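Participant: Quick one: structure below, then a few questions.
The values are calculated or read from the model by the stated rules, or taken from the named source; none is laboratory data. Bear in mind the structure is a predicted one, so any value in this text is a computation, not a measurement. Neighbour counts are summed over all protein chains in view; Cβ atoms, including those assigned to glycine, are modelled from backbone coordinates with ideal geometry. Calculation scope for accessible area: heavy atoms of the full protein, side chains included, ligands and nucleic acids excluded. Shrake-Rupley method; radii C 1.70, N 1.55, O 1.52, S 1.80 Å.
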Amino acid sequence: MAIASGFGTVAQHYLLEARQMQALSFAVHIPLVAFGVSMPAIVLFCEWRGVRTGDPIYLALARRWTRVMVALFAVGVITGTVLSFEMGLLWPHFTGTFGSVFGLGFAVEGFSFFMEAIFIGIYVYGWERLSPRRHMLSGIPIAITGFLGSLMVVSVNAWMNHPGGFRLHGTKVVDVDPFKALFENTYLWHELIHMYVAGYIVSGFVLAATYAFGRLRGRWGRYERTALAIPLTVAALCAPIQILIGDWAGRDVATNQPVKLAAMEGLYKTTRGASIHVLGWYTHNRVKFGIPIPHLLSLLAFHSWNATVKGLDTVPASNRPPVNVVRVAFQTMVGIGTLLALLGVVFLFVRIRRKRLPESVWFYRGVVMAGPLAVVALISGWVVTEVGRQPWVVYGVMRTNAAVTGASGIPIGYGVLAAAYVGVAAGLVWVLRRLAHRPPDIEPELQAA
């Protein structure tokens with residue numbers, strides 16, 4: 001922590017607004033990333049099934065979801081570009097100091113983005129112009145480049161949480177090894193897999209929610225049943241697995257960022273055999289109104305009943321994140337994730353045991369709710385990751401108030417950005433509604449069979 005003393009704080013009256021501006025952009029962009037890493041694979045699966053079986057319903061779904069994928073990609077271009085500019089404009093001391101460490105990651109991410117855009121163009125234009133096999137093959141690079149781009153961004157974030165691959169000589173970065181910083185980082189792998197699986201959970205439940213809503217409105221032909229079963233199966237398989245990945249991530253946090261773990265639980269004093277408190281509010285150095293579960297924090301964090309868990313008291317108050325923000329976001333993510341996993345288990349049980357889709361109207365109401373809740377859980381998880389690292393932009397090395405710009409005008413930019421996102425969101429909703437009202441590319445008798 002003594003390294004950080006070399007980076008002086010910047011005279012900035014709008015540090016909170018700069019953080020909120022960055023947070024707004026992340027909250028808007030991250031769900032689009034989730035669709036970007038998972039939608040291409042779902043679309044390709046539908047096309048593969050259609051080509052293999054000759055069933056026009058699968059090909060109709062592939063065409064329809066391709067249009068959704070393109071609309072979301074276009075909005076992702078806007079939000080991703082905004083984020084790129086914000087990194088330099090809002091946090092110039094961070095990018096100026098450490099750009100040589102993480103710059104490779106963003107360079108590869110930019111290359112991946114352009115390749116993805118090229119192959120999306122080929123894929124969309126190639127319907128009816130390429131042979132079925134060649135068209136399907138043209139979609140594979142979309143899935144690969146979508147994953148590669150997200151890998152690069154997550155690797156940079158993992159490095160910010162667990163920095164390495166460089167030395168500081170005063171405030172100057174020397175002996176830079178970008179490969180070691182980005183890819184030999186043990187923190188990377190749980191973040192990457194956690195995000196990648198979350199992408200399939202979000203896409204699966206959001207897509208399924210639209211068709212579950214149609215089921216409640218009486219639209220339930222073979223087309224709708226197939227359209228619901230594919231993404232819901234994907235989400236149902238991933239949601240329980242995500243609980244195991246979360247356990248892995250939590251143990252890495254306990255080892256490398258103990259203060260973040262303490263904030264997630266609201267643990268003030270270093271404790272042997274620490275408890276978890278479900279719900280409650282952190283105040284006056286303790287959790288009030290929570291439901292304690294003895295020893296569970298030690299068991300989950302270190303797989304030991306009486307393991308010692310470091311508390312917030314191990315660091316000065318100035319080095320602690322805002323506890324309730326982190327804690328509420330964490331409990332929201334875990335609570336929603338648990339409900340999604342249970343919903344997925346119910347679906348898989350009925351699907352495998354009874355060879356049919358569930359029939360209960362309450363199940364489909366649950367699926368409708370699962371769509372937006374999955375997005376809330378995704379954003380909450382990133383709140384835990386980013387806010388839990390505070391007050392550090394590079395954990396233990398550079399504080400956020402040393403990275404921020406000294407420029408004025410941030411409140412004006414914040415307002416303009418919020419208004420722009422409202423406009424973009426309205427445009428996206430308009431496009432998606434038009435796509436929803438467009439009849440599927442399939443004969444009506446096949447759709448209703």
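Participant: Please indicate, with yes or no, whether at least one residue in the range 147-161 is open to solvent by less than 30 Å² (accessible area, probe 1.4 Å) and farther than 26 Å from P391 by Cα.
Facilitator: yes
Participant: Now a separate question. Test R52 against the stated conditions and say whether it is in a helix (DSSP H, G or I), among the charged types (D, E, K, R) and either under 18 Å from F205 (Cα atoms) or in contact with a strand residue (DSSP E or B) (Cβ under 8 Å, 6 or more places away or on another chain) (or both).
Facilitator: In short, no.
Participant: Another question, then. Could you tell me which residue of the range 162-179 is nearest to the chain's Cα centre (by Cα), considering only residues that are over 13 Å from V397 (Cβ atoms) and surrounded by 15 or more Cβ atoms within 10 Å (Cβ to Cβ)?
Facilitator: P178
Participant: Right, here's the next one. Would you please name the residue that is modelled with the highest pLDDT, looking only at residues in the range 148-187 that are in a helix (DSSP H, G or I) and of a type in the set (S, T, Y)?
Facilitator: S155
Participant: Go through the range 98-119 and give me each residue that's open to solvent by less than 30 Å² (accessible area, probe 1.4 Å) and over 22 Å from the mean Cα position of the chain (by Cα).
Facilitator: F98, G99, V101
Participant: Same structure, new question: Filter the range 110-147 for residues that are at pLDDT 90 or above and of a type in the set (D, E, K, R); which is farthest from A198 (Cα to Cα)?
Facilitator: Top of the filtered list is R129.
A quick yes/no check of all residues on (1) within 30 Å of Y187 (Cβ to Cβ); (2) in a helix (DSSP H, G or I); (3) in contact with a Ser or Thr (Cβ under 7 Å, 6 or more places away or on another chain); (4) open to solvent by less than 50 Å² (accessible area, probe 1.4 Å):
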site: V368; (1), (2), (3), (4): no, yes, no, yes
site: W382; (1), (2), (3), (4): yes, yes, no, yes
site: R389; (1), (2), (3), (4): yes, no, no, yes
site: N401; (1), (2), (3), (4): yes, yes, yes, yes
site: S408; (1), (2), (3), (4): no, no, no, no
site: A419; (1), (2), (3), (4): no, yes, no, no
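Participant: Right, here's the next one. Could you tell me which residue of the range 49-65 is farthest from A436 (Cα to Cα), considering only residues that are surrounded by fewer than 22 Cβ atoms within 10 Å (Cβ to Cβ) and among the β-branched types (V, I, T)?
Facilitator: In this case the residue turns out to be T53.
One line per residue, one yes/no per condition, for (1) β-branched (V, I, T); (2) in contact with a helix residue (DSSP H, G or I) (Cβ under 8 Å, 6 or more places away or on another chain):
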| residue | (1), (2) |
| --- | --- |
| H303 | no, yes |
| V309 | yes, yes |
| V315 | yes, yes |
| F330 | no, yes |
| A341 | no, yes |
| G344 | no, yes |
| E359 | no, no |
| F363 | no, yes |
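Participant: R129 versus (1) without any contact (Cβ under 8 Å) to a residue 60 or more places away in the chain; (2) surrounded by fewer than 19 Cβ atoms within 10 Å (Cβ to Cβ); (3) among the charged types (D, E, K, R); (4) assigned to a helix (DSSP H, G or I): which is the lone unmet condition?
Facilitator: All conditions pass for R129, except number (4).
Participant: Moving to a separate point now. Among the residues of the range 182-194, which ones are open to solvent by less than 20 Å² (accessible area, probe 1.4 Å) and farther than 19 Å from T255 by Cβ?
Facilitator: L182
Participant: Okay, moving on. Quick one: in the range 342-366, which of the residues that are small (G, A, S) and under 25 Å from the mean Cα position of the chain (by Cα) is most open to solvent (accessible area, probe 1.4 Å)?
Facilitator: Applying the filter and picking the extreme gives G366.
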